[in-house]
Every structure is written in structure tokens, then in C-alpha cells.
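To start, the structure under review is shown below, and the notes come after it.
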Amino acid sequence: AVGAAPVTAEPVSRPLPSVDPFYRYHGDLAGKAPGTILKSRSAPVGYRGVGFPMTSTQLLYRSTDQQGAPIAGVTTVLRPLTAGPRRLISYHMAYDALGSQCDPSYTLTGAAPPGAAGNFEEAAIGGYLAAGYTVVVPDYEGVKQEWTIGRQSGYLALDGIRAAQRWLRWPSSTPVGMVGYSGGSVPTEWGAEVAPSYAPELRIVAAAAGGLPVNIAHNLPYVSGSRHWSGVIPALIVAYRRTYD
């Protein structure tokens, strides 16, 4: 779906985001507007260690955390091989992670497997690219992997869109769609909900969120003791401790 050229045989190797200096910013963030680009670099695109014949752009940008303080975030901008009209998809992968090896900016390079859901999501991203969309994939959990933290996830998604538009030199009037399932529904739903007040200049024309966790108090006893989902409970404890100390 990405292109007609065959994939390369060259392996992809990248340092983990937790030790990669690109993911850190030591300057003043408070004086910068949300969505301001702090760093940029070209990155490979691949799957399970094999590179594709295209590149992406990774952006480190200024965003806002759950408490309203400035933070840095990372997003990946994927451009179609065949240029189409200016239209952008903010795609939110369900990486549901506590470790940086699961960040979309890392797995999209091919340096690590994207997980079971990611296998399907990378195919969906390829479909959008084939249809001529530019796709922005934010690490919406932030550099500390703060999973399920809703408002912060929405801010990181919206500021990733702002940063991508600035890098592309596209106007804020560019139509934007937001998509995410399960874990990816968190930045999608929250992003759509806070956009009118947080990023009113963005032209969000649609948001599709599936598998939305609407009632955590119901979900926790539902998964307690299950073979595949009970690990969510201690994982949430870790995520909430990271966010709320």
C-alpha cells in the first residue's frame, strides 16, 4: 500500500527513545507556544527490522501536560509517495505502553515490532498514504509513557498536528481528521473535546474513536482475574503514579 517499489533488505537499528537525546529538550519551554517545533530529523520507515523505500520526519515539539505545564512531545510525519490535496490524518496507535520501545516514533522505523494491534494499524496507515493523505502519528503518551491520561493525550495529539502543519508549511485551515481505536481512542476523543478551547485555529473536520473506555469503574472489576487483561490494573497504577506522583 505504501508504494510500488520493493522493500529494502537493510536492517533498521535505532537507539531506544529512553536513551535517544532527540527526545529531550533542555531549553526554556514556557516561553514557546504549543506546537512550536524544537527539533526535527529524517527517520526510516520499516516493519520488523526491514526498511521501506520511504522516509518520515520526526518532530520534537512543545505541548502541555495534564496539570497545564509545558512539556516536549514527539510525532512522526508520513507523506504519501504521490502528492495529493492538502489533507491530514492524525492517527493514534493503540500502543498502551509503559516502555519507550513501544513508542510509535520507534516502532514505525522498523526497529521494533509494533505489537498485535500495531500490525493492523500500520496497514491502515499505509492505506491512508496510498489514498494521498499525509499522516501524523504522535507519541501521545508523552516521553514518560503516561498511558490513559486523557487531557494530556489530547494536548499532545493537537500540538502534534500544529507542529506537522508548521513543518509542512500548511495553513491551520487544512482539513484534519483524527482516528484512534481502544488506547488510541483516548487522544482522539479528548483531542476532539478540548480542541475548541485549546486549539481553536485547527480545522478538525472529523474524529472517529472506537473501543472507548467510557467507564473505568466498570472496566476494572470486569478485567480483574482475566488471563489477558488483568495486567491493565497494575499498569494503570504505574501510569497514574507517573502523572500524579
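The values are calculated or read from the model by the stated rules, or taken from the named source; none is laboratory data. As the structure is a computational prediction, the values presented were derived from the model and not from experiment. All Cβ positions, even for glycine, are placed from backbone atoms using ideal geometry, and neighbour counts span all protein chains on display. In case anyone asks, the SASA skips ligands and DNA or RNA and just uses the protein heavy atoms, side chains included. Shrake-Rupley method; radii C 1.70, N 1.55, O 1.52, S 1.80 Å.
Some observations on this one:
- Conditions (1) surrounded by 22 or more Cβ atoms within 10 Å (Cβ to Cβ); (2) at pLDDT 95 or above; number of the one not met by Val45: (2)
- Test: residue in segment 183-203 that is closer than 20 Å to Ser105 by Cα, of a type in the set (A, V, I, L, M, F, W, C) and open to solvent by less than 30 Å² (accessible area, probe 1.4 Å): yes
- Here the condition is being of a type in the set (Gly, Ala, Ser), under 23 Å from the mean Cα position of the chain (by Cα), farther than 20 Å from Ser63 by Cα and modelled with pLDDT of 95 or more; of Ala195, Ala239, Ala209, it holds for Ala209 alone.
- Residue ranges of strands (runs of 3 or more DSSP E) in segment 14-89 with at least 2 members in contact with a helix residue (DSSP H, G or I) (Cβ under 6 Å, 6 or more places away or on another chain) and either among the polar types (S, T, N, Q) or farther than 16 Å from Gln165 by Cβ (or both): 50-64, 70-78
- Here Tyr140 passes the criteria (1) within 12 Å of the chain's Cα centre (by Cα); (2) open to solvent by 20 Å² or more (accessible area, probe 1.4 Å); (3) modelled with pLDDT of 95 or more except the one numbered (2).
- Scanning segment 55-85 for residues that are open to solvent by less than 20 Å² (accessible area, probe 1.4 Å) and of a type in the set (A, V, I, L, M) gives Leu59, Leu60, Ala72, Val74, Val77, Leu78.
- Across segment 225-242, the number of residues qualifying as open to solvent by less than 70 Å² (accessible area, probe 1.4 Å) and hydroxyl-bearing (Ser, Thr, Tyr) comes to 2.
- Matching residues in segment 95-129 - criterion: being closer than 19 Å to Arg242 by Cβ, buried (at least 20 other Cβ atoms within 10 Å of the Cβ) and acidic (Asp, Glu): Asp103
- Residue satisfying all of: in segment 90-120; in a helix (DSSP H, G or I) and not small (Gly, Ala, Ser); modelled with the lowest pLDDT among these: Asn119
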